[in-house]
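What follows is a short report on a single structure.
Just so you know, all these numbers are worked out from the coordinates, no wet-lab data involved. The shown structure was predicted, so the numbers you read here are calculated from the model rather than taken from an experiment. Here the Cβ positions follow ideal geometry from the backbone for every residue, glycine too, while neighbour counts run over all protein chains shown.
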Amino acid sequence: MIATTALSKRYGEHLALDDVALRVPEGSVYGLAGRNGAGKTTLIGILAGLRRATSGEVRIDAPPERVAVLADAPRFDPWLTGREVVALAQQLTDPAGDIDGVLDQAGLTEAKTRRVGGYSRGMLQRLGVAAAIVGRPRLLLLDEPASALDPQGRREVLDLIARLRGTATVLFSSHILGDVQEVCDTVGVLDHGRLRFQGPLDELLVGAAGPRYEVRLRGPAEPVAEALRRHPWVTHVETGPERLTVGVTAMEYAEAELPGALAAADALVVSFGPEELTLERAFLALTR
Amino acid sequence: MSLWRLELLRLTRTRRGLALFTVYLLFGFIGPLTARYLNDLLELAGDDLEGATIELPDAVPHDGMAQYVANAMQVGLVVTVVVAAGSLALDAIPEMGAFLRTRVRSVWRLLLPRLVVTFGAIGLAFTLGALAAWYETWALLGGLRAGDVLPGIALGLLFLAYVVATTAAAAQWTKGVLSTVMVALLSLLVLPVVGAVDVIGQWLPSSLATALADLPADKHDLGHYVRPAAVTLVTTAVLIYVALVGARRREL
């Protein structure tokens, strides 16, 4: 759906995007993860046609009126009603779009006749999503759609995005990695303007960060860690208060060898199990 | 909900349209009234003038229109630029600008309704004010020839089209409504200064601004305005093109 080639953007001396080759598969919910200032908004701005690339190419397999964009903090003329905002988007994109249907989907049926100047931040965000989907877009570009919302507002917007799966290709940027992990099936990690990884989420979780085991102990952790570090299948051991995190070359080693190794180190084990693989850990491993 | 209706709502809901019509109609009614009763007003203020005597010639019909033009092209012009800037600054709310820009193939589709509706409202307000001034001049001071007033209104409208185009260009090359107003007003204020040199002045759009007062007063005939009208037409077209280029170039 989206393919960029050697895409770069420079603001004076600052290189905001550096040789980005983005590939967003049709029908995917693609999460663009990165810290604040990583270049996510610039990249989405270029894809949306709101900014010009310094060099490189962008190919989008959808006509402009079937591409919808949602800014991180949508604002509209405050004297318009919610329904008028969506009606305007509908008229410009798909006159057959169901205005009241998308407002209902966004939970704004009761507020739709009110002027948007009185809307809360969460309501504006949901109105932005409603205005984006009323044109039945083939591609949705969402820039940090939930980052600045309170937990309830975030939940509502994430649910709304999750419901879009199967109806459109979604490119969703966020610095909140939990949101990306929850909603997206494909991930791109942007760091200092460079795309460090892109591919299926599972591939990133397994590939970028090796398997690790969490061990809770009674008593000091350091002597046990020392004993474990001697084993060739242990890549690293991190210690905390009565806690160890053991990196292993493969889960099979941990399953077969770790109980014995702990017993041999006279460790008083309270519990142990594989550490849950999170996007956050994979992200940190990639961008460290 | 079309982009045309959006602009009509902008005029009505923000009360900018109300301000526009109030100002021009107010000047339309007050102008001839002031011209007719200025001597009386000065007589009433006689005790406060510390013995000084101000004698004005008796008011004649074209004084009524001259008063309207003087007000309309000063205070009215400021209001006009403010109203036009509020509409033509496409990206005054950048998120709204992005919302609209990402839904049209050409930014011209956004600019055209704003230019037409804004100029339509300004032109209508100016014309209604002029008609009010014409009527009241007839009632208080005597009639003015339609052959002078109607071309005067048309030339005034042409000047206002130039004002709207100037504001449109300023809006696309600056950020925000306030800076648009400042740049547009500054560029409009330069015209009379440059126009003080008579050889240049008779070519400039600013000479159209007073046509509604000067034609009834027989200061100039209609032929005098052919050159500035042609220059204004061309300049207006160029300014709209400059606005379009600016709107296309802008990054959000």
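So the values come out like this:
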item	result
Tilt relative to chain B, helix B:226-249 - C-alpha long axis, 0 to 90 degrees, to 10	30 degrees
Nearest 10 degrees, 0 to 90: helix A:121-133 Cα axis against chain A principal axis	70 degrees
Gyration tensor (alpha-carbon) shape descriptor, the range A:65-148, a/c threshold 1.5	oblate
Alpha-carbon Rg/Rh ratio, for the protein assembly as shown, with Rh computed the Kirkwood way	1.20
Test item: A:77-85 mean partner chain Cβ contacts at 10 Å	4
Förster radius 30 Å - calculated FRET efficiency between B:Ala237 and B:Arg105, Cβ distance, rounded to 0.05	0.85
Order of B:Val197, B:Val104, A:Val69 - criterion: other Cβ atoms within 10 Å of each residue's Cβ, fewest first	B:Val197, B:Val104, A:Val69
Charge context of A:Gly166, other residues only, Cβ under 14 angstrom, K/R +1, D/E -1	+2
Whichever aspartates and glutamates have a C-alpha closer than 17 Å to that of A:Lys9, once near sequence neighbours (fewer than 8 apart) are set aside	A:Asp18, A:Asp19, A:Glu57, A:Asp191, B:Glu251
Euclidean distance of C-alpha centroids, the range A:187-264 and the range B:100-171, integer Å	74 Å
Mean shadow area of chain B over all directions, Cα convex hull, nm²	15.4 nm²
Longest to shortest principal axis, alpha-carbon extents of chain A, angstrom	72, 45, 33
The protein assembly as shown: antiparallel DSSP beta bridges as a percent of all, rounded to 5	65 percent
Distant-in-sequence amide H partners of A:Tyr213 (H built 1.01 Å from N, under 5 Å)	A:Val246, A:Gly247, A:Val248, A:Glu275
Distant alpha-carbon pairs in the range A:170-259 (separation over 15 angstrom), percent	66 percent
Crossing angle, helix A:151-162 versus chain A [Cα axis fit, 0-90 degrees, rounded to tens]	80 degrees
Spatial separation of Cα centroids for the range B:27-45 and the range A:1-49, in angstrom	66 Å
